[in-house]
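For reference, the structure is listed below as structure tokens.
Since every read-out is calculated from the coordinates, none of them should be taken as a lab result. Quantities reported herein were computed from a predicted structural model and do not represent experimental measurements. Cβ placement follows ideal geometry from the backbone for every residue including glycine, while neighbour counts extend to all protein chains displayed.
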Amino acid sequence: MNVPVSQKSPNKGHEIYEESLHIIESLLKGNCRFSANYSEAEKAVVRRVIHATSDINYAETVFFTNNSAEKSISLINEKISKREPLKIVCDSEMTKAGISRNTNGNIILDIDCRIGFGYKPADAETTVSAFSIRAAISESLPDIIIVGNAPTALEESMKLCRRLYESINYKPILIIGMPVGFVGAAESKMRLYNDEFFNAIGNFGNFGGSAPAASAMNALLRESL
């Protein structure tokens, strides 16, 4: 028998989410890297990435630099207390769409993505993704940069932020770098990992995408609210 919408439990989605986390915890039992190498805040991010991808291997490949998870949560809490918007720039509409707006009004999200705005780089060596994220970062000076698709966007973000730091002392509090693919993805993320200038969350290897990148951001929001 069909149950009228009005009689369905409003917490069913939350129940499914909690059950998923319970399953993930059971799969992570005995995983020495997960238990020993991640802080509690970092574990929350890894769990959320695994939940978004159904891939337990992310427990072996997600990396954090410079206490990035804790610093980001602190920033979000500061924005909440001051009622200031958290400015985010994404490399794709898919990444932007994956960021949860269900914040109960606690945090104001200002999310910018320029893909699809008709940008056409004059330089044949520059991709549309790199050109678009350059425009967004230069105009918004975001708190957080999230790259879930294009390695060229991650490379451009790192180069541009270094130039902006030299000229106007700007640096994002966090870069989430999880581009996917066989060309440049693993290499760009390794450069992010090795660059001590940035507070970063990323993952090693070719895997990645909008879902894990957005879910990492969602975990930070959840831990802050």
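Placing dummy labels 7 Å off each Cα toward the beta-carbon, the span from residue 40 to residue 81 is 1.9 nm.
Overall shape: rounded for region 115-225, with the ratio a/c of the largest to smallest alpha carbon gyration tensor axis below 1.5.
Computed extension length for residue 206-residue 163: 12.7 nm, one decimal, from 0.36 nm per residue of separation with the Cα-Cα distance subtracted.
Beta bridges assigned by DSSP with both partners in the chain are antiparallel in approximately 20 percent of cases.
Among the chymotrypsin sites (Phe, Trp or Tyr not before Pro) within region 145-191, those in coil by DSSP and having at most 13 neighbouring Cβ atoms inside 10 Å are 182.
Couplings 3J(HN,Hα) of region 212-222, computed from phi: x, 5, 5, 5, 4, 5, 4, 5, 5, 5, 5 Hz, in residue order, whole Hz [Karplus 6.51 cos²θ - 1.76 cosθ + 1.60, θ = phi - 60°; x for Gly and Pro]. Think of region 61-224 as a dipole: +1 on every Lys or Arg Cβ, -1 on every Asp or Glu Cβ, centred on the Cα centre; then among 219, 158, 66, 219 lies furthest on the positive end. In whole angstrom, the chain maps to an equivalent ellipsoid with semi-axes of 29, 21, 18, each derived as √(5λ) from the alpha carbon gyration tensor and ordered largest first. Close amide H partners of residue 108, meaning residues 5 or more places away or on another chain with modelled amide H under 5 Å apart, are 86. Just to be sure I follow the definition: excluding the sites themselves, where is the longest run in the chain that has none of the trypsin sites (Lys or Arg not before Pro) in a DSSP loop with at most 16 other Cβ atoms within 10 Å? Longest stretch, sites excluded: 102-225. A simple charge model with +1 on the Cβ of Lys and Arg, -1 on the Cβ of Asp and Glu and nothing else charged puts the dipole of the chain at about 340 debye relative to its Cα centre.
Taking the Cα centre of the chain as the origin and placing charges on Cβ (Lys, Arg +1; Asp, Glu -1), which of 205, 89, 50 is farthest toward the positive end of the dipole? The residue sitting farthest along the positive end of the dipole is 89.
In a reduced charge model with +1 at each Lys and Arg Cβ and -1 at each Asp and Glu Cβ, region 9-52 shows a dipole moment near 160 debye about its Cα centre.
Both radii are taken from the alpha-carbon atoms of region 43-108; with Rh as the Kirkwood radius, Rg/Rh is 0.99. Computed extension gain for residue 29 through residue 225, at 0.36 nm per residue and net of the alpha carbon distance, reaches 67.8 nm.
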